[in-house]
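Notes follow the structure.
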Amino acid sequence: MSSTRRRPATLRRVILTVAAALILFIWAFPVLWAVVVSLKSESEVLAYPPSVIFEPTLRNFRDALTGNLSIASSLMTSIILATATTVLTIILAVPAAYAFARLRLPARQGLGFYTLVTQMIPPVGLVIPYYLILNRVGLLDTYTGMITVYLTFSLPFAIWLMVSYLEDIPREMEEAAYLDKASRLQALWHVILPQIRGGIGVTTVFVFLNAWNEFLFAVQLGGNRIRPVTVAMHNFVSIEQTLWAKLAAAALVAMLPVIVIGILAQRQIVKGLTVGAVKGGGRR
Amino acid sequence: MSSGRAHADRRALAAGERRFAILLVAPALLVLLATTTVPIAFLIWNSFQTINLAMPFLDGFAGLANYRQMSGDPAFWHSLQLTAIYTGSTVVMQLVIGLGLALLVLQIPRGQWLFRIFAILPIVLAPVVVGLFWRTLMFAPNFGMIDFATRALGLGTVNWLGSPTPALVSVIVIHTWQWTPFAFLVLLASLASLPEDLYEAARLDRASAWRRFIHITLPLLRPAIVIVIIMRAMTALSAFAAIYAATGGGPGTATEILNLYAYRISFTQLDFGYGSALAVALLVLTLAVSGFLFRIRTAGSGP
Amino acid sequence: MTTRAITQGEVILEGIVKNYGTFRALKGIDLRIAPGEFFALLGPSGSGKSTTLRVIAGLEVPDAGRMLVDGTEMTFAPPGERNVAMVFQNYALYPHMTLEQNIGFPLKMDGVPKAEIAARVQDAARKVRIDHLLARRPGQLSGGQQQRTALARAIVREPRLFLLDEPLSNLDAQLRLETRIELKRLHASLGVTTIYVTHDQEEAMTIADRMAVFRDGEIMQIGAPAEVFGRPDTLDVAAFIGSPPMNLIPARIEGGEAHFPGWRLALPGAPAGDVVVGVRPGRIRLADDGLPGKLLLSENLGEAMLLNVDVDGTLVKLRLPDVSPIAEGTAVRLAFDGSDILLFDPETRRRLDWPEMESRP
């Protein structure tokens with residue numbers, strides 16, 4: 001673009017830079033301020049006006065992981081929940097997406113539309129019946145119940161995302177494989193799957209993030225035995241209104257995995273967002 | 001060879017592929033059916049029942065009573081109004097700010113990657129944590145940065161989350177802060193993929209920057225804009241955790257969008273019958289809005 | 001290898017029909033390809049030649065008709081059971097595999113032992129001279145090398161049929177000529193029946209033993225290239241074959257003479273009536289007595305001159321060996337011999353033969 005733009009005047013450049021810096025600051029501020037607060041002692045936190053120069057302490061982080069306010073067990077719960085949801089989702093979604101994208105599937109349009117609609121169900125419409133159902137079958141506050149519920153939002157999304165990746169692979173790939181005496185399953189396994197590793201990676205990241213961040217199902221259908229970090233964070237505030245430094249530290253620990261994934265997989269996430277956005281509605 | 005056998009052979013071949021396809025989709029679709037459609041059917045069934053966990057002796061078939069109650073329930077209409085305000089304002093702001101930023105960042109020759117990384121930050125955070133961060137670090141009286149800023153500017157303390165209108169503004173700001181990067185990233189990617197030669201042609205035709213934007217950029221961006229609106233509207237309609245963490249729907253019911261109202265009726269008042277009916281209303285609203293938006297999308301896209 | 005008696009690889013298509021929705025892509029294709037033949041399917045895009053190839057490969061199932069390979073009905077056999085190898089237009093190499101894995105893939109699928117795969121891959125790669133590239137992936141290769149890899153993947157299995165779908169169309173002009181020769185050489189050494197789809201008639205003419213000319217889902221003519229070039233069966237083939245193709249000039253036959261506007265040509269024995277006279281550009285000369293016309297444009301081809309002449313509303317092209325320029329707009333006269341022309345019936349669009357014409361050399 002730059003080559004065709006007019007020669008930027010100095011003033012213009014300054015304004016652009018300032019505006020850009022301001023935006024970066026606004027997006028980063030809550031997290032950056034949480035980092036600052038988390039390094040303060042509880043008494044320092046209450047200083048007004050807020051102090052910027054102080055003696056940093058890692059006590060809050062230690063408490064977040066080990067003390068009686070520890071969220072360590074919640075971290076474990078979140079890891080199990082998000083990982084299991086992701087693995088199950090990928091195993092179910094990839095073959096289904098392949099059938100949607102590439103095979104003569106009976107009633108494909110109707111089934112595709114059905115999948116799209118299931119993706120739009122508001123979570124509150126599910127949490128109400130699920131509470132009654134899981135209560136009745138004794139699966140409230142269990143991994144089985146929670147993973148089942150998490151599939152409701154991860155599966156339709158993953159299918160649609162994978163379809164858009166599969167559609168990008170030339171059809172001759174399977175045809176060549178069939179002529180090379182591969183069965184349908186062998187063509188899928190040896191020829192198609194290795195080519196959509198990138199798409200599977202993006203889908204994995206998205207599903208994991210969404211499962212990690214989920215709150216409504218977790219707070220209502222889990223809560224005691226199954227208490228992922230999102231619920232732990234919320235309870236933190238309800239219990240101790242004023243332990244802000246500890247809250248900030250715990251929240252940063254709870255969000256560390258998704259922040260790290262977000263920064264590392266930044267390129268893939270943007271690609272996933274765009275793919276979903278450009279093709280999400282089954283444009284073709 | 002008889003044509004009948006040829007017909008049978010052809011059918012057998014196509015049937016082989018169909019069987020394979022069905023085998024691949026069946027697990028996912030059965031899971032979807034069991035985990036989404038069955039509960040939704042149960043939800044709809046429940047919306048015609050009286051189910052009150054506090055008064056189980058009243059349980060039974062209620063016919064349209066829940067829906068009749070809804071039509072005469074001022075709290076329902078209030079929450080519906082809030083849903084409209086919340087969804088409309090957040091989607092418009094995300095789109096306008098996101099597009100503005102994308103256009104701005106596109107002019108910055110270097111360091112675009114920095115924006116992408118910072119933009120990812122709000123998106124990957126759990127909404128419940130975003131709500132908590134804003135409630136404490138930003139809005140809390142005598143502690144939050146915004147309170148500090150207003151006092152420094154001599155505006156005094158505003159109890160942002162404690163009074164109705166500021167609270168509504170606050171939850172709208174929180175949602176917009178978290179999700180504008182989504183619109184920004186998608187629109188930035190779409191803008192970057194627009195064909196350069198069109199702009200060169202327009203510049204040769206002496207079209208002003210504004211006219212280039214109106215007559216070239218916007219029409220080309222239309223598909224991306226519509227899909228951003230659809231996805232952002234879906235998120236806003238089912239927003240829960242950030243509001244729940246920041247205000248809990250309060251003060252009073254000032255930020256209680258339909259989503260939270262259905263939740264409170266079910267899980268605080270334990271009136272699952274009426275709560276189900278409210279959730280059905282939200283479901284219908286969501287499908288209607290997305291159906292309408294998808295129609296716009298297909299109507300507008302050329303051949 | 002060259003001494004191997006070629007007994008397999010006979011393909012017979014009978015009345016093949018293929019519909020895509022309401023579009024009839026193939027309208028009844030009949031074809032017999034002899035064992036060991038190099039057979040070209042020639043036609044413009046959308047004429048059905050690629051669909052025919054895909055039917056032979058088993059990638060499309062015809063709606064009617066049947067296909068036999070070596071006397072066995074194969075119409076509905078899955079692609080993998082036909083023992084055919086195909087080179088796709090864009091090669092369809094597996095991007096995530098090395099060349100070695102690409103070429104060895106059909107053997108692996110066939111359950112060939114690992115040691116044997118390695119040896120046969122080496123052998124096939126050597127035949128197309130890519131044995132030094134086996135550790136690379138397709139993305140690291142030039143177009144020509146990718147093309148050879150696709151060929152190697154096809155020959156490694158020693159199939160009874162090679163199917164080539166426009167294999168040269170993605171190569172640059174120079175490479176295309178070289179590869180053409182190489183394909184011919186490969187065919188000669190392997191002796192496997194080869195079916196070759198192309199829209200490039202020069203390619204078909206130079207490389208094929210026989211060819212079928214396709215148009216609108218039908219075969220217009222089957223024959224050796226020289227035969228099709230020399231004696232096109234129909235006006236459509238005549239208008240398609242040759243570069244530039246045959247001139248087609250309306251005339252009327254009366255009393256053993258062809259009557260053109262302003263000229264007559266003796267054609268003893270020719271049947272009376274309205275005809276279309278076909279004559280190749282290279283067989284027309286400028287003369288004092290001939291068809292009157294006006295020069296529209298002369299194109300210098302280097303070693304020859306191509307003149308575009310307007311003859312009473314019909315554009316006639318002639319190729320002259322002599323390269324002296326002629327001013328555009330000049331009135332010229334064109335002549336040709338009765339032994340150099342073909343006659344076509346404008347109604348049936350088929351070639352008209354008569355005894356004197358049949359007897360000419």
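Quick rundown of the values:
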item: Test: residue in region A:13-36 that is at pLDDT 80 or above, touching a Ser or Thr at 6+ places or on another chain (Cβ under 9 Å) and away from chain B (no Cβ under 12 Å); result: no
item: Residue ID - nearest to B:Arg135 (Cα to Cα), chosen from residues in region A:226-261 that are modelled with pLDDT of 90 or more and not aliphatic (A, V, I, L, M); result: A:Thr230
item: Test for A:Ile147: is it of a type outside the set (D, E, K, R) and in contact (Cβ under 8 Å) with a residue 40 or more places away in the chain; result: yes
item: Helices (runs of 4 or more DSSP H) lying entirely in region B:172-238 (those with 3 or more residues that are in the same structural domain as B:Pro122 (by TED's automatic domain parsing) and under 28 Å from A:Leu126 (Cβ atoms)); result: B:218-237
item: Matching residues, region C:98-121, being in contact (Cβ under 8 Å) with a residue 12 or more places away in the chain and more than 8 Å from chain A (Cβ to nearest Cβ); result: C:Thr98, C:Leu99, C:Glu100, C:Asn102, C:Ile103, C:Gly104, C:Leu107, C:Ile117, C:Ala118, C:Arg120, C:Val121
item: Answer residue from region B:206-228, given it is of a type in the set (D, E, K, R) and either in contact (Cβ under 8 Å) with a residue 60 or more places away in the chain or in contact with a helix residue (DSSP H, G or I) (Cβ under 9 Å, 6 or more places away or on another chain) (or both) and is nearest to B:Gln107 (Cα to Cα) among those; result: B:Arg212
item: Single residue of C:Arg148, C:Arg176, C:Arg126, C:Arg120 found to be in a helix (DSSP H, G or I) and surrounded by fewer than 16 Cβ atoms within 10 Å (Cβ to Cβ); result: C:Arg126
item: Hits in region B:68-117 (condition: away from chain A (no Cβ under 14 Å), more than 21 Å from the chain's Cα centre (by Cα) and either part of a helix (DSSP H, G or I) or within 29 Å of B:Val186 (Cβ to Cβ) (or both)); result: B:Arg68, B:Gln69, B:Met70, B:Ser71, B:Pro74, B:Ala75
item: Any hit, region C:202-209, residues being surrounded by fewer than 18 Cβ atoms within 10 Å (Cβ to Cβ) and free of Cβ contacts under 8 Å to residues at least 40 places away in the same chain; result: yes
item: Residues (of a type in the set (S, T, N, Q) and surrounded by fewer than 22 Cβ atoms within 10 Å (Cβ to Cβ)) located in region B:116-158; result: B:Asn142, B:Thr150, B:Thr157
item: Residue match in region A:70-91 (condition: under 27 Å from A:Tyr143 (Cα atoms), facing another protein chain (nearest Cβ under 10 Å) and of a type outside the set (S, T, N, Q)); result: yes
item: Residue check, C:Leu133 among the hydrophobic types (A, V, I, L, M, F, W, C), out of contact with any Lys or Arg (no Cβ under 6 Å at 6 or more places or on another chain) and in contact (Cβ under 8 Å) with a residue 12 or more places away in the chain; result: yes
item: Of residues in region C:226-242 being assigned to a helix (DSSP H, G or I), of a type outside the set (Phe, Trp, Tyr) and in contact (Cβ under 8 Å) with a residue 40 or more places away in the chain, the one nearest to C:Val17 (Cα to Cα); result: C:Asp236
item: Within region C:69-83, considering residues that are touching a residue at least 40 places away in the same chain (Cβ under 8 Å) and within 14 Å of chain B (Cβ to nearest Cβ), the one surrounded by the fewest Cβ atoms within 10 Å (Cβ to Cβ); result: C:Gly71
item: Residue count, region C:132-181 (criterion: β-branched (Val, Ile, Thr) and under 21 Å from the mean Cα position of the chain (by Cα)); result: 2
item: Residue match in region A:107-127 (condition: within 30 Å of C:Met74 (Cβ to Cβ), more than 7 Å from chain B (Cβ to nearest Cβ) and not hydrophobic (A, V, I, L, M, F, W, C)); result: yes
item: A:Ser74 modelled with pLDDT of 90 or more and small (Gly, Ala, Ser); result: yes
item: Contacts under 6 angstrom Cβ, first residue in region A:55-67 being touching a residue at least 24 places away in the same chain (Cβ under 8 Å), partner buried (at least 17 other Cβ atoms within 10 Å of the Cβ) and not hydrophobic (A, V, I, L, M, F, W, C), 6 or more apart; result: A:Asn60/A:Ser38; A:Asn60/A:Lys246; A:Asp63/A:Lys246
item: Checking C:Tyr196 against (1) part of a strand (DSSP E or B); (2) within 14 Å of chain A (Cβ to nearest Cβ), the condition it does not meet; result: (2)
item: Single unsatisfied condition, A:Val124 versus (1) crowded, with 21+ Cβ neighbours inside 10 Å; (2) at positive phi; result: (2)
item: Region A:37-53, residues that are at pLDDT below 80 and either within 27 Å of the chain's Cα centre (by Cα) or within 9 Å of chain B (Cβ to nearest Cβ) (or both); result: A:Val45, A:Leu46, A:Tyr48, A:Pro49, A:Pro50
item: Residue check, B:Gly249 over 21 Å from A:Gly125 (Cβ atoms), more than 9 Å from chain A (Cβ to nearest Cβ) and either under 20 Å from the mean Cα position of the chain (by Cα) or assigned to a loop (DSSP other than H, G, I, E, B) (or both); result: no
item: Number of the exception - B:Ser276 against (1) more than 8 Å from chain A (Cβ to nearest Cβ); (2) in a helix (DSSP H, G or I); result: (1)
item: Flag for C:Pro244 being modelled with pLDDT under 90 and in the same structural domain as C:Arg350 (by TED's automatic domain parsing); result: yes
item: Residues that are surrounded by 18 or more Cβ atoms within 10 Å (Cβ to Cβ) and within 16 Å of A:Pro194 (Cβ to Cβ), drawn from region C:129-145; result: C:Pro138
item: Pairs where the first residue, in region C:173-193, is in the same structural domain as C:Arg148 (by TED's automatic domain parsing) and within 27 Å of C:Thr7 (Cβ to Cβ) and the second is among the aromatic types (Phe, Trp, Tyr) and outside any helix (DSSP H, G or I), C-beta under 6 Å, 6+ apart; result: C:His187/C:Phe38; C:Val192/C:Phe162
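Listed here are the residues, each with its yes/no results for (1) in a strand (DSSP E or B); (2) crowded, with 17+ Cβ neighbours inside 10 Å.
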site	(1), (2)
C:Lys27	yes, no
C:Ser45	no, no
C:Thr52	no, yes
C:Met67	yes, yes
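The values are calculated or read from the model by the stated rules, or taken from the named source; none is laboratory data. Note that the structure is predicted; figures quoted are calculated from it, not measured. Glycine also receives a Cβ, built like all others from the backbone with ideal geometry; neighbour counts cover every protein chain displayed.
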